[in-house]
Amino acid sequence: MKITVSGKPQEIAPGTRLIALVNQLEARVKNDPMIVSLIQKTGRSHLLYILNGTVVKAEDHPTIEMQEGDDLRYVHPFFGG
Amino acid sequence: MKGVWNKILKVDLTAKKAATEHVPDEVYAYFLGGEGLAAWVLNKECPRGTSAFDPANRLTLAVGPMQGIKQSGAAKWAVGGISPSINMNAGSAITHAFGIEMKQAGYDAVVVHGRAEKPVYIVIDDDKVRVKDAARLWGKDSYDAHDLIQEKEGDGFEVVTTGQAGERLVRYANIQTAHKSFAGRCGFGAVMGSKLLKGIAVRGSQTCPIADPMANDALNKAINKRLAEVNASKPELFRISHLGTAMATALFAPQGNLPVKNYQLASHPEGETNLGGQSYVEKLNAKPWACRYCVIKCHNKCEVKNGPYAYKGKGPEYESFAMMGFNLLIADQEAVAYAGELANRYSMDTISLGGVLAWAMESYEKGVLTQEDTYGIDLAWGNAAAMVEMVRKIGERAPGLGYLLGEGCKIASERIGQGSEQWAIQMKGQEIAAHNWRAQYISALNYCTGVASGPNHERGNSQHIWVGHILLPEWGIDHVENAERWSWEKAAERNAKFHDYCNVINSAVHCKFQEFASYNLTDLLATINTCTGLNWSQEELRRCGERITNLQKLLNIRYGWKTADDFNYPKRFMEPVSEGVAAGKIPAGLDEAIVDYYRHRGWDDKGYPTAAKLRELGLESVPG
């Protein structure tokens with residue numbers, strides 16, 4: 001099944017849930033010093049996930065099953081500069 | 001082509017005449033508008049040898065195909081010309097509503113040249129253009145002059161002005177609008193001053209047709225909704241409408257990205273406590289102050305109610321906190337905010353001002369400057385009152401050091417000598433913005449190779465890859481590892497893409513801060529296509545950015561750029577700091593990386609575009 005993650009086409013198994021992709025993306029940025037600092041201070045990375053143009057609440061990540069053609073992006077809490 | 005008027009207004013202040021000029025579609029298909037259009041004007045009208053304060057310099061205020069649509073971020077517009085800080089072509093972005101009004105008046109650009117006999121301001125009311133006497137405005141600060149023009153001209157006019165620093169040719173004097181937004185970098189306020197031009201008022205009543213209004217409307221609504229939702233979904237700790245860009249200090253500190261003590265140190269704990277988002281709200285009473293159509297609302301109004309720094313007005317942004325606070329070891333947020341507003345009124349860019357003051361403080365510390373030079377002011381690191389007083393001296397161009405510092409730290413250090421060139425943190429005459437090369441080497445490459453405005457963090461914002469996780473997946477930058485901050489391996493390609501990206505954004509014209517709320521290249525391309533009907537692909541959009549970059553490079557060469565300029569960078573960044581994640585990191589290998597960038601660009605090893613590259617981009621001859 002084909003989806004797009006951060007603008008890049010990706011093949012995933014049917015039935016894959018959003019939480020699995022979120023965990024992959026969180027693992028990718030876990031060594032970033034800003035993310036490390038945020039987790040130390042607040043317990044969370046504060047990355048926001050946008051599925052097909054809509055922000056998905058963290059509590060919904062485990063229940064959402066990805067669909068063919070879905071577009072997933074993430075946004076960092078950073079702003080400015 | 002839709003989304004543009006194919007028309008620019010040219011005002012000759014020497015002859016006191018205004019005329020319109022037709023601009024063919026090909027020009028927009030090549031350079032879009034905004035900064036690209038301003039570069040096209042220079043290419044056509046300002047030959048080699050034209051200098052910033054020459055009456056022949058063209059000061060271009062330009063919009064692009066996106067102005068007039070109701071999309072968050074589309075209030076942005078551009079200023080371009082030959083810069084007195086870098087003595088080359090440059091651009092600067094500014095926002096609020098002046099650009100929208102200029103578009104509604106029926107122009108894609110207003111191009112001012114010549115020099116008035118006495119101070120003037122320009123009034124543009126659709127097709128009626130008048131040059132008016134500004135004798136009573138001359139000597140006023142930028143806000144007071146702005147208000148007097150609005151009061152005189154009546155409702156509906158948007159106004160830009162420059163303050164006393166612009167009149168007095170401070171090389172980093174800016175242009176302001178609405179007491180809140182600034183074409184901050186590159187000294188275009190001084191270009192206004194050199195033309196004896198105090199301000200411009202514009203009012204328009206026309207709507208520029210776009211290619212697909214229904215699709216554009218639907219797109220705007222969807223984008224605005226998503227951006228607002230993203231912004232609202234962020235915890236209050238990171239919500240921009242609440243904290244302004246000041247929040248960035250807390251996020252940059254753990255990355256080693258802040259400038260501390262003229263880029264000598266890695267941290268300033270007291271500054272990290274005081275100069276950040278939460279104290280910004282609590283101590284400065286910050287409230288959102290949106291630009292037209294913007295859902296992000298990064299500007300803030302602030303108020304200090306009591307004490308020596310009482311004021312009500314524009315709140316400091318990240319760069320002001322960083323350069324006027326951290327960089328000077330000052331942690332008094334009220335003093336930094338007040339000094340920033342003083343600078344705004346005089347019309348001085350707080351990035352350059354912070355860089356210049358840091359040079360002066362280090363010179364004072366080392367005995368190169370003494371109290372005999374500083375009007376008796378104790379210009380010690382961390383002395384907030386001294387900083388405020390020196391802002392006044394520079395804004396007024398007080399004889400002596402105040403005047404000299406208005407020239408920027410390059411010229412000041414060359415005049416003072418005694419080795420002080422070593423701590424003038426500038427390139428090509430412009431002070432370096434608040435992104436630390438040790439925190440991500442790509443910042444070094446960006447500042448050294450930038451062609452759109454010298455060493456500029458918003459004409460090539462590749463630092464955002466690291467400091468803000470902004471990638472360009474549509475252009476192939478879809479993932480980075482943290483360790484790559486300190487690698488040159490893909491730096492040339494990434495840096496080139498971010499230069500081109502900034503060029504399309506600054507030419508479209510759109511606000512780059514929307515990207516922090518999820519705005520992306522897919523949004524930008526769809527918007528450009530629904531406005532213009534160009535129906536470009538991402539490859540064509542990138543090609544447009546590349547074309548603008550190359551035009552700017554050709555102009556750099558025309559106005560005197562030499563290869564050595566790119567390699568004459570501040571050596572301070574080659575001195576490691578001892579704390580934080582960037583401890584021990586220096587951008588060694590930068591010289592090779594610069595040459596690698598040239599090659600990646602299809603330029604020769606000296607940084608000159610090759611004939612083949614220019615042919616490929618259709619730049620053997622520029623249209624129009």
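Tabulated results
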read-out	value
Cα gyration tensor shape for the protein assembly as shown, rounded if a/c is under 1.5, else prolate or oblate	rounded
Whole-Å distance, taken between Cα centres, linking the stretch B:190-256 and the stretch B:40-95	19
Low-density loop cleavage sites - GluC sites (Glu not before Pro) in the stretch B:389-447, where at most 16 other Cβ are within 10 Å (DSSP)	B:Glu396
For the stretch B:267-276, Karplus couplings with θ = phi - 60° (6.51, -1.76, 1.60), whole Hz, Gly/Pro x	8, 8, x, 5, x, 4, 6, 8, 9, x
Neighbour-count ranking [beta-carbon atoms within 10 angstrom, fewest first] of B:Val170, B:Val281, A:Val75	B:Val281, A:Val75, B:Val170
Residue order, fewest to most beta carbons within 10 Å, for B:His469, B:His96	B:His469, B:His96
Neighbour-limited loop hits for GluC sites (Glu not before Pro), the stretch B:467-536 (at most 13 other Cβ within 10 Å; DSSP other than H, G, I, E, B)	B:Glu481, B:Glu489
DSSP-loop trypsin sites (Lys or Arg not before Pro) across the stretch B:105-160, with at most 15 other Cβ within 10 angstrom	B:Arg136
Chain B: relative contact order in percent, alpha carbon pairs under 8 Å with at least 6 residues between	17
Quotient of C-alpha Rg and 2.2 N^0.38 Å, computed over chain B	0.88
For B:Lys314, residues with placed amide H under 5 Å, excluding near neighbours	B:Cys302
For B:Phe513, B:Phe31, B:Phe157, B:Phe321, order by how many other beta-carbon atoms lie within 10 Å, fewest first	B:Phe157, B:Phe513, B:Phe31, B:Phe321
Shape category assigned to the stretch B:239-431 from the gyration tensor of Cα positions, a/c cut at 1.5	prolate
Amide H contacts of B:Leu258 (H built 1.01 Å from N, under 5 Å, at least 5 apart or other chain)	none
Euclidean distance of C-alpha centroids, the stretch A:1-80 and the stretch B:314-357, integer Å	37
Cross-link pairs beyond the 28 Å C-alpha cut-off, checked among B:Lys7/B:Lys613; B:Lys234/B:Lys512; B:Lys118/B:Lys297; B:Lys140/B:Lys553	B:Lys7/B:Lys613; B:Lys118/B:Lys297; B:Lys140/B:Lys553
Peptide-level mean, for B:473-483, of C-beta atoms on other protein chains within 10 Å	4
Protection proxy ranking of B:586-595, B:68-77 - average other beta-carbon atoms within 10 Å, highest first	B:68-77, B:586-595
In sequence order, calculated HN-Hα J values of the stretch B:104-114 (Karplus, 6.51, -1.76, 1.60; Hz; x Gly/Pro)	5, 7, x, 10, 8, 7, 10, 10, 10, 9, x
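Every number here is computed from the coordinates shown, using simple stated rules; none is lab data. Because the structure is predicted, anything quoted here is derived from the model rather than measured. Please note: Cβ atoms are built from the backbone with ideal geometry, for glycine as well, and neighbour counts cover all protein chains shown.
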